[in-house]
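Below is one structure, written out as structure tokens, with a few remarks after it.
The values are calculated or read from the model by the stated rules, or taken from the named source; none is laboratory data. Computed from a predicted structure; not experimentally measured. All Cβ positions, glycine included, derive from the backbone under ideal geometry; neighbour counts span all protein chains shown. We work out accessible area using only protein heavy atoms, side chains counted, and drop any ligands, DNA or RNA first. Shrake-Rupley method; radii C 1.70, N 1.55, O 1.52, S 1.80 Å.
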Amino acid sequence: MIQQERLKNLLIELIKIDSLSRQERDVALRLKREMEDLGASVTIDDAGEKVGGNVGNVIAHFPGTVAGAEPLLLSAHMDTVVPGEGIVPILDGDILRTDGRTVLGGDDKSGIAIICEALRVIKENRIPCGPVDVVFTICEEAGLVGAKCLDVSQLRARMGLVLDSDSVGFLFTKAPASNRMEFRIHGLEAHAGICPENGISAIRIAAEAIAQMHLGRIDDETTANVGVIEGGMAVNIVPNLVVLRGQARSHNQEKLDRQTRHMQRCLEEAATRHSVILDGKRHEARVEARINHDYDRMDVPESAPIVKLVHAAAKNLSLELTNEAYGGGCDANVFNQKGLVVANLGTGMREIHTLKEWVNVKDLYVSARMVLEIVKLNAVQRP
Ligand SMILES: [Zn+2]
């Protein structure tokens with residue numbers, strides 16, 4: 001009953017509407033119309049004002065026709081990463097890809113198109129269903145800030161799915177927590193040829209600290225990275241400032257805290273090894289640390305009703321489905337943090353965040369059949 005052609009056409013239409021983070025208005029208004037056409041009452045919240053964007057999250061309430069059925073959340077994000085303006089989707093058989101100049105934006109417009117098509121089939125065929133809350137978020141790619149601004153008391157659903165991952169047949173139930181760090185290492189400026197002993201090299205401190213740091217894959221639950229390093233003015237100046245930006249992620253909160261402290265300590269210890277005395281006054285290197293907790297981990301138990309529901313739907317359709325752990329964060333982390341129970345279902349998006357991004361239309365079709373079956377089953381069977 002899912003119409004592959006219609007699903008593909010909607011995805012292509014959505015991809016052609018530019019929607020970088022904080023600039024999702026055009027696609028939001030298009031989706032508001034779509035949801036209203038499908039019978040929902042739609043609001044747009046004030047998240048856009050809070051994050052400096054041009055529109056908020058789109059929240060659509062479908063009343064449902066089955067009394068007593070558990071309300072279900074279906075969510076996907078509207079924003080895409082750069083370069084993502086003027087996307088030209090090219091259809092090559094069943095493969096939808098770009099012309100190589102931009103990303104495709106299948107992340108996450110594939111998820112949006114799948115949700116829309118499943119709900120359209122339900123409306124057309126008057127399929128009994130429970131209440132459905134649809135949330136299309138802004139600014140997922142800018143640190144999940146659209147979802148973070150969402151007031152979940154506006155939702156009836158306490159469980160659901162985010163459609164924002166690659167492989168169809170994977171249900172992501174675990175994802176790491178993440179800390180984002182910025183370290184500013186302050187040394188002391190001096191002429192590098194005339195009086196280098198009067199300076200403290202912030203670059204040297206950074207180098208010593210990073211050489212001591214455990215980075216990369218720390219263990220099977222934890223990763224860490226220094227991704228940006230900036231500093232120095234000229235070859236003849238002892239550099240007085242270096243800025244490092246890094247990140248740590250772990251499925252275990254305690255390990256995340258430990259890794260974050262480790263990275264900070266390496267820098268502080270390196271800084272304490274460097275000081276100079278000028279005119280009787282002692283100058284010490286120092287480190288300013290800004291640590292932001294990006295998002296909590298997600299850990300939906302296998303016994304959760306939403307996980308059971310998705311597995312029952314896969315079984316009805318004779319599809320393989322496995323629960324997986326994801327290395328990244330998504331809106332589902334935030335929904336779980338806010339007390340909902342939400343897993344992340346694959347849509348078929350591939351090689352995301354690259355110019356080679358592509359989607360197989362057949363995968364979209366399978367994912368949409370899954371979503372349709374999940375909504376149907378949720379109305380008839382309490383898992
Ligand atoms: Zn995404």
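Of the numbered conditions (1) over 15 Å from ALA368 (Cα atoms); (2) within 16 Å of the ligand (Cβ to nearest atom), ASP94 satisfies every one except a single condition; which is it?
Among (1) over 15 Å from ALA368 (Cα atoms); (2) within 16 Å of the ligand (Cβ to nearest atom), ASP94 violates only (2).
Could you tell me which residue of the range 337-355 is nearest to MET1 (Cα to Cα), considering only residues that are more than 16 Å from the ligand (Cβ to nearest atom) and open to solvent by 10 Å² or more (accessible area, probe 1.4 Å)?
First, the residues of the range 337-355 that are more than 16 Å from the ligand (Cβ to nearest atom): 337-341, 355.
Next, from what is left, pick out any that are open to solvent by 10 Å² or more (accessible area, probe 1.4 Å): 337-339, 341, 355.
Values: GLN337: 35, LYS338: 35, GLY339: 34, VAL341: 28, LEU355: 33 Å.
Ranking the qualifying residues of the range 337-355, first place goes to VAL341.
Regarding the range 46-55, can at least one residue be identified that is closer than 17 Å to VAL121 by Cα and out of contact with any helix residue (DSSP H, G or I) (no Cβ under 7 Å at 6 or more places or on another chain)? So that I can check it myself, show each step before the final result.
Of all residues in the range 46-55, those closer than 17 Å to VAL121 by Cα come to none.
For the range 46-55, residues closer than 17 Å to VAL121 by Cα and out of contact with any helix residue (DSSP H, G or I) (no Cβ under 7 Å at 6 or more places or on another chain): absent.
Could you check ARG120 against (1) surrounded by 18 or more Cβ atoms within 10 Å (Cβ to Cβ); (2) under 20 Å from the mean Cα position of the chain (by Cα) and say which number it fails?
For ARG120, the exception is condition (2).
Being open to solvent by 60 Å² or more (accessible area, probe 1.4 Å) and more than 16 Å from the ligand (Cβ to nearest atom) is the filter here; which residues of the range 67-82 pass it? Before the answer, list the steps.
Looking only at the range 67-82, we keep the residues that are open to solvent by 60 Å² or more (accessible area, probe 1.4 Å), and these are 67-68, 82.
Hits for the range 67-82 are ALA67, GLY68.
I'm trying to understand the selection: among the residues of the range 104-119, which are of a type in the set (Gly, Ala, Ser) and either under 11 Å from ILE15 (Cβ atoms) or in a loop (DSSP other than H, G, I, E, B) (or both)? Don't jump to the end; show me each part of the working.
First, pick out the residues of the range 104-119 that are of a type in the set (Gly, Ala, Ser): 105-106, 110-111, 113, 118.
Scanning the range 104-119 gives GLY105, GLY106, SER110, ALA113.
For ARG258, indicate whether it is out of contact with any helix residue (DSSP H, G or I) (no Cβ under 9 Å at 6 or more places or on another chain) and surrounded by fewer than 22 Cβ atoms within 10 Å (Cβ to Cβ).
Here the answer is yes, as ARG258 does meet what is asked.
Go through the range 304-331 residue by residue and tally those that are closer than 21 Å to ASN57 by Cβ and buried (at least 19 other Cβ atoms within 10 Å of the Cβ). Walk me through how you get there before you give the answer.
Initially, the range 304-331 is screened for residues closer than 21 Å to ASN57 by Cβ, giving 306, 328-331.
Narrowing further to those that are buried (at least 19 other Cβ atoms within 10 Å of the Cβ): 306, 329-331.
Going through the range 304-331 one residue at a time, the tally reaches 4.
Please specify each residue of the range 122-132 satisfying the condition of being closer than 19 Å to HIS61 by Cβ and outside any loop (DSSP other than H, G, I, E, B). Break it down stepwise before answering.
Applying the first criterion (closer than 19 Å to HIS61 by Cβ) to the range 122-132 yields 122-123, 126-132.
The answer is ILE122, LYS123, VAL132.
Just give me the residues in the range 89-104 being open to solvent by 60 Å² or more (accessible area, probe 1.4 Å) and in contact with an Asp or Glu (Cβ under 9 Å, 6 or more places away or on another chain), in sequence order.
If the condition is that a residue be open to solvent by 60 Å² or more (accessible area, probe 1.4 Å) and in contact with an Asp or Glu (Cβ under 9 Å, 6 or more places away or on another chain), then ARG97 is the only one that fits.
If the Cβ limit is 6 Å and pairs must be 6+ apart or interchain, which residue in the range 305-330 that is within 26 Å of PRO176 (Cα to Cα) pairs with which residue that is open to solvent by 50 Å² or more (accessible area, probe 1.4 Å) and among the aliphatic types (A, V, I, L, M)?
Partner pairs satisfying both residue conditions: ILE306/VAL341.
Criterion first (over 21 Å from the mean Cα position of the chain (by Cα) and open to solvent by 10 Å² or more (accessible area, probe 1.4 Å)) does PRO301 satisfy it? Break it down stepwise before answering.
Values: over 21 Å from the mean Cα position of the chain (by Cα): no; open to solvent by 10 Å² or more (accessible area, probe 1.4 Å): yes.
Criteria not met by PRO301.
What strands (runs of 3 or more DSSP E), lying completely within the range 12-103, carry at least 3 residues that are of a type in the set (Val, Ile, Thr) and farther than 27 Å from GLU351 by Cβ? It would help to see each step written out before you state the result.
On the way: elements: 41-44, 58-62, 72-77, 90-92, 95-97.
Strands (runs of 3 or more DSSP E) meeting the threshold: 41-44.
Within the range 105-114, is there a residue that is touching a residue at least 60 places away in the same chain (Cβ under 8 Å), away from the ligand (no atom under 16 Å from the Cβ) and open to solvent by less than 10 Å² (accessible area, probe 1.4 Å)? Walk me through it before giving the result.
Initially, the range 105-114 is screened for residues touching a residue at least 60 places away in the same chain (Cβ under 8 Å), giving 105-114.
Retained after the next criterion (residues that are away from the ligand (no atom under 16 Å from the Cβ)): none.
For the range 105-114, residues touching a residue at least 60 places away in the same chain (Cβ under 8 Å), away from the ligand (no atom under 16 Å from the Cβ) and open to solvent by less than 10 Å² (accessible area, probe 1.4 Å): absent.
Residue by residue through the range 123-152, note down the ones that are open to solvent by 10 Å² or more (accessible area, probe 1.4 Å), farther than 25 Å from VAL366 by Cβ and away from the ligand (no atom under 14 Å from the Cβ).
Passing the criteria: PRO131, LYS148, CYS149, ASP151, VAL152.
Does the range 159-177 contain at least one residue that is at pLDDT 95 or above, away from the ligand (no atom under 16 Å from the Cβ), open to solvent by 10 Å² or more (accessible area, probe 1.4 Å) and assigned to a loop (DSSP other than H, G, I, E, B)?
Among the residues of the range 159-177, not one is at pLDDT 95 or above, away from the ligand (no atom under 16 Å from the Cβ), open to solvent by 10 Å² or more (accessible area, probe 1.4 Å) and assigned to a loop (DSSP other than H, G, I, E, B), which makes the answer no.
Any idea which of VAL334, VAL371, VAL380 is surrounded by fewer than 20 Cβ atoms within 10 Å (Cβ to Cβ) and of a type in the set (Val, Ile, Thr)? It would help to see each step written out before you state the result.
Working: VAL334 fails: surrounded by fewer than 20 Cβ atoms within 10 Å (Cβ to Cβ); VAL371 fails: surrounded by fewer than 20 Cβ atoms within 10 Å (Cβ to Cβ).
None of the others qualify; the one that does is VAL380.
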